[in-house]
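Comments concern the structure below.
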Amino acid sequence: MSAATTTEEAAATSSTPRERGTLKHTLPRRPIFLIGLVWAASATLATMLSLHSLPSVYDTSWQIFFGVASLGSASALVGLVFGDSLSHSLAFGAALLIARYCSGASIVEASPPLVVAALASIRGTRAIISNLDWEFMFSSTTLHACCLLPFLTAVYLLIASDFNVKAPGLFSITPSCTVAFITLALMHYYNKNRAHKHGYLLTSEMKSHAVFVANAIILSASLMTQDEPFYMVIVVFLLGSMFALLMSLFFAGVADSWYTVGSGQFQMVSLDSVGMMVYFFWPAIIIYFRFVDKYGDYIGGKSITAFGYLKSMGLLTDSPLKSGDDIFSFSFVIMLAIITAVGVPVLNALCPLGGYLYSRAYTHGQPNTKQVALCISYSDLPKDRTTLWAILADKKKEDQATAVLNIFVTLEDLKMHPSELKLIAAKGHKLSLEPTEFIGLSLFQKTAATCNIEFAHYEYTEVLGEAPAWLLAKSVDAIGRHPSLFHKASDLGMKVVYWSTLVKVASGKLTSQQKDVIIGDCQDKNGGSIIYVTSDNSTSNTTAPLCEVVGMLDEFTFESLSSVARDDPTMVL
C-alpha cells in the first residue's frame, strides 16, 4: 500500500512543472496579505516621520496621522496592483475625500482625480484623454528636475524664513526631504538602468491616461495648500503614498537587477529583499530617528547661528516670507505630489507587480538560449498573409515546421474565425488568449474580466482541441491588468505574458531606430526576448515589419512562448 502511495505521489509531483530556482509552491493564494504588510509598514513609517516633523502633537494625534497615512498608502498600492493610472486616480480621490471629510473640511479639493476617473468611464470623453503622448514624463530631464526639488525646498525653507522657527522645526524638514530624494533617486536609477531599455509595459492609451491623472493629483494637492490649517492632512497623506511607492520601487528594482524570470523568481528575490530590510534598513531607520531625537536641537541651533552669521555678513538678505512656522510650504507639498503622480505610472511601466502577485507572469524568458518569441494580436495581422507565411517557413530551424509566430486572439476572434485559426495553428504557429476590450474603469470590471476569460478559455478549447497556455496582459482598456483576471488565469492553468520589446508600427515599415532597438535588445540578453508588434492604426500593414524582424534576427530561433519562457529550463551560462 505504501509503495503504491509513494508511486502515486511521485507521479503527481512529476506532472506538476517546477520552476527552477524559484519559490513556486509558496506563491500566495491570497496576495492581499502581502499587500497588507506593505500597506501597514508604509503607513507606520509615514506616521513616524510626520510625528518627528511636528513632535508637539505626538501625544494627541498619532491615531489621526496613521489613519490619513493609511489612506495615502492604500491609494498608491491600488494604482500599483491594478497597474493603471485610472484606478490610482479613483483611489487617490476617494481616499483624499475621506481624509478631508473626517477632518471637517471642504471636499472640493479631492474632486480633480475623481473627475478624471469619471471622464474615463464615458466612451466619448475617454477617447479624448486617451490620445495624448506621455513620453516626456520618462525623460531624464523630468526626473532630474524632480530630484532637485527636495534640495531646493529645504534651502528655500531655511533661507526664506526669518530664522525665528525653533531649531527642531528647521531640522524636522530634513528627514522628509531625505526620504523624498531617496525615492526619486531610486526611481531615476531604476528607470535608467532597467533590464529592458525599450520594454515599457504601458500602452499609448495608458500613458495618455497617466498625464491627466498626474495633473489632477498635482492640482488637488495645490488646492489643499490653500487651506493652511489642513496642510498636515495632505502632507501626511502624500507621505503615506511616497513610502508605499518607495518600498515597491525597492522590491522591483532589486528583482530587475537580478533579471528574474517569472513570478516565482521575482518572489524568491523579494524574500531576500525583505531580509535586507529587516537586518539593514530597519536598524538604520531606528538609528536615524534616535540621532534626530538626540542631536536635532543642537544641529538646528548651530544652523540658525550659521545662517545668522551669514546674514550679518551681508551674504544673505532678508526674506519676504514672514510665516516662520510654515514648515510644510507649497513647494514641499507639490514635491510630494509630483513623487506620487510620476512614480506610480513609472513603476507600472517598469514592473508588473500585480501580475507577479496574482499570477505566473513573464516579461521575458530565460537569457542565453538564442530563442525569441515574436508576438502579434490577431487583429493586427495583415489580410494577405501569403508572403508572411512563406518568410516564416523559410526561416525555420532544425526540428521546426516553421519559424513560430505567437498570435493573441480574443473571444470574438474565436467565434468569428474558427476555421482560419485552425489553419494558422496547423501551420505550426501558436495561439494564445487576449482579453476583450471594455469601456470603463478596470477597478470595477472584476465580473466582466473573469467571465470573459472563462468563456474565451472554453471557446479556445472547443475550437483548437487543447487548452490555452498563455494570456496577454495588454492594457487597461482590455481589462488585461485586473488582479481578478490574473487570478482566474492561474486557476485555469494559464500563464500571463507581457513583453520585453514593444514595437509600434505606424507607417507600414520599421524605422531605423526601431531596428536598432530590436537588434540591441535581443543581443543584449542573447535570447529570451518577447517582441510584441502592434499597429498604431487599422490601416497599417504589418507584413513588412514582421518580415523585417525575422530577417534581422537570423542568428536567433523564433519559438513559442512556452519554449522561450520555460518552467524548468536547462541552465545555459
- Message: Heavy atoms of the protein only, probe of 1.4 Å, neighbouring chains included. What is the accessible area of Lys488 in Å², nearest 10?
- Response: 50 Å²
- Message: Between Ile286 and Ala425, what is the label-point separation in nm under the 7 Å Cα-to-beta-carbon projection?
- Response: 5.8 nm
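Taking 0.36 nm per residue of separation and subtracting the Cα-Cα distance, what length does fully extending Ser379 through Lys192 add? Before the final figure, lay out the partial values.
Numbers: separation 187, 0.36 × 187 = 67.32 nm, distance 3.32 nm.
Going from the current span to full extension adds 64.0 nm.
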- For a label point 7 Å along the Cα-to-beta-carbon line of Val278, residues of the stretch 254-272 with backbone N under 17 Å: 267-272
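May I ask you to rank Lys415, Lys515 by accessible area, largest first, using a 1.4 Å probe over the protein chains only? Before the final figure, lay out each step's value.
Working: Lys415 125, Lys515 70 Å².
I get Lys415, Lys515, largest accessible area first.
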- Task: For the stretch 490-545, divide the Cα radius of gyration by the Kirkwood radius and give the resulting Rg/Rh value with two decimals.
- Result: 1.08
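Full-extension gain between Asp293 and Glu462, please, as 0.36 nm times their residue separation minus the C-alpha to C-alpha distance. Numbers along the way, then the final one.
Values: separation 169, 0.36 × 169 = 60.84 nm, distance 6.81 nm.
This chain segment gains 54.0 nm when fully extended.
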- Per residue of the stretch 455-465, in order, report the coupling 6.51 cos²θ - 1.76 cosθ + 1.60 (Karplus, θ = phi - 60°) as ³J(HN,Hα) in whole Hz, putting x for Gly and Pro. 5, 5, 4, 5, 5, 4, 5, 5, 6, 9, x
- Could the peptides 348-360, 546-558 be put in order, highest first, of the mean number of other beta-carbon atoms found within 10 Å of their residues? 348-360, 546-558
- Item | Inter-label distance, nm, simple model (7 Å from Cα along the C-beta direction), Asn215/Glu437 | 2.3 nm
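Which order do Tyr362, Tyr279, Tyr288 take by accessible area at a 1.4 Å probe, largest first? Write out the running numbers ahead of the final one.
Working: Tyr362 0, Tyr279 170, Tyr288 75 Å².
The most accessible residue leads, giving Tyr279, Tyr288, Tyr362.
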- Query: At a probe radius of 1.4 Å, what is the per-residue accessible area of Glu454, in Å² to the nearest 10?
  - Reply: 80 Å²
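Which of rounded, prolate, oblate describes the stretch 337-481, given a ≥ b ≥ c as roots of the alpha-carbon gyration tensor eigenvalues and a/c under 1.5 marking rounded, otherwise prolate only if a/b is larger than b/c? Kindly include the intermediate steps, with their values, before the conclusion.
Numbers: a/c = 2.17, a/b = 1.42, b/c = 1.53.
Oblate.
Shape call for the stretch 348-434 from the C-alpha gyration tensor, a ≥ b ≥ c root eigenvalues: rounded (a/c under 1.5), prolate (a/b greater than b/c) or oblate?
oblate
Output the pairs from Lys197/Lys395; Lys383/Lys446; Lys197/Lys383; Lys446/Lys495; Lys397/Lys509; Lys207/Lys474 with a Cα-Cα distance over 22 Å in this structure; if there are none, say none. All intermediate terms of the calculation are to be shown ahead of the outcome.
Details: Lys197/Lys395 27 Å; Lys383/Lys446 34 Å; Lys197/Lys383 32 Å; Lys446/Lys495 19 Å; Lys397/Lys509 25 Å; Lys207/Lys474 13 Å.
Long pairs (Cα-Cα over 22 Å): Lys197/Lys395; Lys383/Lys446; Lys197/Lys383; Lys397/Lys509.
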- Message: Quick check: Cα centre of the stretch 456-532 to Cα centre of the stretch 358-375, how many Å?
- Response: 10 Å
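Can you sort Asp293, Asp413 by solvent-accessible area, 1.4 Å probe, largest first? Let's see the in-between values first.
Working: Asp293 95, Asp413 25 Å².
Final ranking, largest accessible area leading: Asp293, Asp413.
The values are calculated or read from the model by the stated rules, or taken from the named source; none is laboratory data. Everything numeric in this text was worked out from a predicted model, so none of it was measured. When we count neighbours, we look across all protein chains shown, and the Cβ atoms used for this are built from the backbone with ideal geometry, even at glycine. With ligands, DNA and RNA removed, areas are computed over all heavy atoms of the protein, side chains included. Shrake-Rupley method; radii C 1.70, N 1.55, O 1.52, S 1.80 Å.
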